[in-house]
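The values are calculated or read from the model by the stated rules, or taken from the named source; none is laboratory data. Please read these numbers as outputs of a predicted model, since none were measured by experiment. Cβ placement follows ideal geometry from the backbone for every residue including glycine, while neighbour counts extend to all protein chains displayed.
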Amino acid sequence: MSEIKTLNSGKKFAHASVGSLHGFEGKQFVKDAIGATSCEISFGSLPAGAAVPFFHSHKMNEENYIILSGAGQFQVDDEVFDIAEGSVIRVSTNCDRNLKCTSAEPMTYICIQAKADSLGDYTMTDAEITERENLL
């Protein structure tokens with residue numbers, strides 16, 4: 001199983017890593033390592049032919065899965081559909097979900113869990129261009 005490592009942090013940021021995603025195995029939650037207050041983020045990997053060993057549902061949080069490599073199938077309640085690298089899947093509250101790797105290589109994904117209907121302003125409506133010396 002991969003382990004998350006906190007690399008550095010400051011008063012207004014935290015930087016952690018699960019390491020190389022090539023060869024990543026298991027499931028790793030990162031909320032605590034980065035001190036997130038708006039969502040839970042996890043990295044997951046399923047070997048060829050494997051499925052998550054249980055269905056689950058959330059009462060208040062929706063989940064967004066981003067498939068980074070591999071391919072498989074996703075089930076929401078009684079609907080099953082194919083997924084592959086580049087797929088993004090949003091799953092609402094109060095429904096069962098599961099996924100299975102059907103590719104020869106492992107399927108690696110990110111899951112972002114956040115409170116349903118909590119997104120207010122975003123991107124251009126929440127951002128403003130600021131002036132600062134570029135130190136990069």
Could you please find all residues in the range 78-118 being in contact with a strand residue (DSSP E or B) (Cβ under 9 Å, 6 or more places away or on another chain) and of a type in the set (D, E, K, R)?
ASP82, GLU85, ARG90, ASP96, ARG97, LYS100, GLU105, LYS115, ASP117
If the Cβ limit is 7 Å and pairs must be 6+ apart or interchain, which residue in the range 19-43 that is at positive phi pairs with which residue that is among the polar types (S, T, N, Q) and surrounded by 15 or more Cβ atoms within 10 Å (Cβ to Cβ)?
GLY19/SER2; GLY26/SER2; GLY26/SER45
Suppose we keep only residues that are within 26 Å of ALA116 (Cβ to Cβ) and of a type in the set (Ser, Thr, Tyr) within the range 6-44. Which one would you say is surrounded by the most Cβ atoms within 10 Å (Cβ to Cβ)?
SER42
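Is it the case that ASN94 is more than 24 Å from ILE4 (Cβ to Cβ) and not aliphatic (A, V, I, L, M)?
Against the criterion (more than 24 Å from ILE4 (Cβ to Cβ) and not aliphatic (A, V, I, L, M)), ASN94 qualifies.
I'm trying to understand the selection: among the residues of the range 8-53, which are part of a loop (DSSP other than H, G, I, E, B), in contact with a Ser or Thr (Cβ under 7 Å, 6 or more places away or on another chain) and either of a type in the set (Asp, Glu) or at pLDDT below 90 (or both)?
VAL18, GLY19, LEU21, PHE24, GLU25, GLY26, VAL30
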Answer yes or no: is there a residue in the range 89-96 that is surrounded by 13 or more Cβ atoms within 10 Å (Cβ to Cβ), over 15 Å from the mean Cα position of the chain (by Cα) and among the charged types (D, E, K, R).
yes
I need a count of the residues in the range 54-106 that are in a loop (DSSP other than H, G, I, E, B), within 23 Å of ALA116 (Cα to Cα) and of a type in the set (A, V, I, L, M, F, W, C).
4
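Do we find a residue being among the basic types (Lys, Arg), over 22 Å from LEU21 (Cα atoms) and assigned to a loop (DSSP other than H, G, I, E, B) anywhere in the range 119-136?
Yes, the range 119-136 has at least one match.
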